[in-house]
1. Does region 65-76 contain any residue that is crowded, with 18+ Cβ neighbours inside 10 Å, aliphatic (A, V, I, L, M) and either over 18 Å from the mean Cα position of the chain (by Cα) or over 16 Å from residue 267 (Cα atoms) (or both)?
2. Consider residue 10 carefully, then state whether it is open to solvent by less than 10 Å² (accessible area, probe 1.4 Å) and of a type in the set (Val, Ile, Thr).
3. Identify, by number, the condition in (1) more than 14 Å from the ligand (Cβ to nearest atom); (2) at positive phi that residue 240 doesn't meet.
4. Name the single residue that is farthest from residue 7 (Cα to Cα) among those in region 30-82 being modelled with pLDDT under 95 and charged (D, E, K, R).
5. Taking interchain pairs and intrachain pairs at least six residues apart, which have beta carbon atoms under 6 angstrom, with the first residue in region 103-121 and in a loop (DSSP other than H, G, I, E, B) and the second among the aliphatic types (A, V, I, L, M)?
6. Does residue 168 meet the test of being surrounded by 24 or more Cβ atoms within 10 Å (Cβ to Cβ), outside any loop (DSSP other than H, G, I, E, B) and touching a residue at least 24 places away in the same chain (Cβ under 8 Å)?
7. With the checklist (1) within 13 Å of residue 107 (Cα to Cα); (2) within 10 Å of the ligand (Cβ to nearest atom); (3) open to solvent by 20 Å² or more (accessible area, probe 1.4 Å) in hand, flag the one item residue 42 doesn't pass.
8. Among 187, 164, which is within 18 Å of residue 126 (Cα to Cα) and within 13 Å of the ligand (Cβ to nearest atom)?
Amino acid sequence: MTSTLGALTVPLIQAPMAGGPSTAALAVAVSQAGGLGMLAAGYKTVEAMAAEIDDVRAGTLIFGVNVFVPEADPSDPGALAAYAAALAPMAAELGVAAPEPGPFNDDHYAAKLDYLVANPVPLVSFTFGLPTADDVARLRSVGTEIVLNATDPEEISAADALNPDAIVVQGIEAGGHRATHGQAKEPAENTTHELVSSAREYTDKPVIAAGGVSSAAVARNLMDAGASFVQVGTLFLTVDEAGTKEAHMDALVSGQYRDTVVTRAFSGRAARALSNRFTERMTANQVAGYPQVHYMTAPLRAASADNPEGLNLWAGTGFAACRQRPAAEIVAEFRSL
Ligand SMILES: Cc1cc2nc3c(=O)[nH]c(=O)nc-3n(C[C@H](O)[C@H](O)[C@H](O)COP(=O)(O)O)c2cc1C
């Protein structure tokens, strides 16, 4: 199989964005324009992941699939109960039942890997932790390229030890969930530029810079510092092909939001979102407890429907550059890199 990363005509990877924004149409549009389109398998069943892969294959043979690496449940039942109690007034205001910790699950990880080994795709990336060497070997044996995420020097070294094709270094500017290996760990505060600049001390693998890449100029700066590719999420949240909720898209382009915050308030895992009423009320009570907190807040988020003040408005620090346009326009802007 020809190298997928090596064959890109634009060194731009569209970040996998679980929870709705990533669609097959988005991945196809990015890959057809010369970047790498990614599917997000997170929160999906194996069947839903497989159906999306089939949809992408109808439009391009160049794509990747991202999976969440599960961990043993490290959460503290007392802390989860306390968070449920702290959420209760907001639930009452929204007219939804008193919150309860949701179930712990592993996001169908083993079944997803089995499917990807039996039905090989060009590239698989992992976030929230590292796969086993055995899982890496199984995917490699069917010709799949491997990309691992890291958020600090220690994680870069651990990723490097698995001999991946490339390592995403995700800085603090990044939108959505931090890729931190282990939810109990406090998220690292390294900027994307700091991580890229020091990465060579920890790995000789190609580095993919993620976090705050809001223009080709920012990307150029990171590539000058040693990155081989950039991975862009937030900028793609408002493109025509994205499946982002309308209220989320509107919030990003409205000019009404000024700040972002890293918070565990929505899911129990640190993630960067626009600062809104929900984050202001709940971040002080936040607990580590992914995915139980994700399920605990789901009815509140659903009841908030079109009200952005009650939604998880994932966004990186560069969100002011978001505009509604076709995805290919972004890829074209990065073509000069
Ligand atoms: C809405 C949203 C969902 C995300 N979901 C995933 C995901 O499923 N898997 C993953 O590896 N990264 C995910 N990320 C993180 C991106 O891969 C990437 O690190 C980040 O978007 C880069 O920063 P930027 O948003 O400033 O471009 C997500 C980011 C956003 C904004």
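1. yes
2. Yes; evaluated as a whole, the condition is true for this residue.
3. (2)
4. Checking each candidate, the answer is 76.
5. Filtered contacts from region 103-121: 108/46; 120/142; 121/65.
6. The answer is yes for residue 168.
7. Every listed condition holds for residue 42 apart from (3).
8. Selected residue: 187, the only one of 187, 164 that is within 18 Å of residue 126 (Cα to Cα) and within 13 Å of the ligand (Cβ to nearest atom).
The values are calculated or read from the model by the stated rules, or taken from the named source; none is laboratory data. Predicted model, so just to flag it, every value in this text is computed and none were measured. Cβ: placed from backbone, ideal geometry, glycine included. Neighbour counts: every protein chain shown. Surface areas here come from the heavy atoms of the whole protein model, side chains and all, with no ligands, DNA or RNA. Shrake-Rupley method; radii C 1.70, N 1.55, O 1.52, S 1.80 Å.
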